[in-house]
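Asks: Input: one structure, supplied below.
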Amino acid sequence: MNRREIREKAFMFLFQLELQKGSETEQMEAFMQEYEISAESDRYFSQLVDGVRQKQEEIDAAFADYLKGWTKDRLPRVDLTIIRLAVYEIMFTDEVPDSVAISEAVLLAKKFSTEESRAYINAVLGNVSRNPRAIREEIQEDKHNE
């Protein structure tokens, strides 16, 4: 499986977790078996899924200000999941260039969401990618001041 396919599977699993409650470990095992995610692919898949889950609060804070006319709670869950995955890659991994993370997110939106969603996902992620370090520092400062 190439990275695009693994990213798509990670998106699908993260979306599943948005809808289904229960043991994440059991769901992940079943998902990986059903979609035949190999041990080789598992490392990247798990990095994406675990990263998004562990950093979700920071990820959400990173893009919330860029949702013009929307709130995170009003976003369709498909779009929310796509944005979270891409923001994780932009802010917390060095392996994927920001432009690639954005492009891949737009492709996921093209496949799983609407034309309108593609446009605003691209805009939101473009804003996040302009200065991820400053966003991270601001989030850390806000956490420290709480």
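Asks: Residue pairs, Cβ under 8 Å, 6 or more apart or interchain, first in segment 106-132 and surrounded by fewer than 15 Cβ atoms within 10 Å (Cβ to Cβ), second among the β-branched types (Val, Ile, Thr). List them.
Replies: 126/102
Asks: Something else: I need the full set of residues from segment 37-87 which are part of a loop (DSSP other than H, G, I, E, B), farther than 20 Å from residue 108 by Cα and at pLDDT 90 or above, in order please.
Replies: Hit for segment 37-87 is 55, nothing else.
Asks: Check segment 26-34 and report whether any residue there is within 16 Å of the chain's Cα centre (by Cα) and loosely packed, with under 14 Cβ neighbours inside 10 Å. Reasoning before the result, please.
Replies: As a first pass, look at segment 26-34 and keep what is within 16 Å of the chain's Cα centre (by Cα): none.
No, segment 26-34 contains no residue that is within 16 Å of the chain's Cα centre (by Cα) and loosely packed, with under 14 Cβ neighbours inside 10 Å.
Asks: Which ones in segment 1-13 are assigned to a helix (DSSP H, G or I) and of a type outside the set (A, V, I, L, M)?
Replies: Just the residues of segment 1-13 that are assigned to a helix (DSSP H, G or I), to begin with: 3-13.
Within segment 1-13, 3, 4, 5, 7, 8, 9, 11, 13 meet the criteria.
Asks: Still on this model: Is at least one residue of segment 14-25 in contact with a Gly (Cβ under 9 Å, 6 or more places away or on another chain), surrounded by fewer than 19 Cβ atoms within 10 Å (Cβ to Cβ) and not in a helix (DSSP H, G or I)?
Replies: Filtering segment 14-25 down to residues in contact with a Gly (Cβ under 9 Å, 6 or more places away or on another chain) leaves none.
No, segment 14-25 has no match at all.
The values are calculated or read from the model by the stated rules, or taken from the named source; none is laboratory data. Because the structure is predicted, anything quoted here is derived from the model rather than measured. Because the Cβ atoms are built from the backbone with ideal geometry, glycine has one as well, and the counts that use them run over all protein chains shown.
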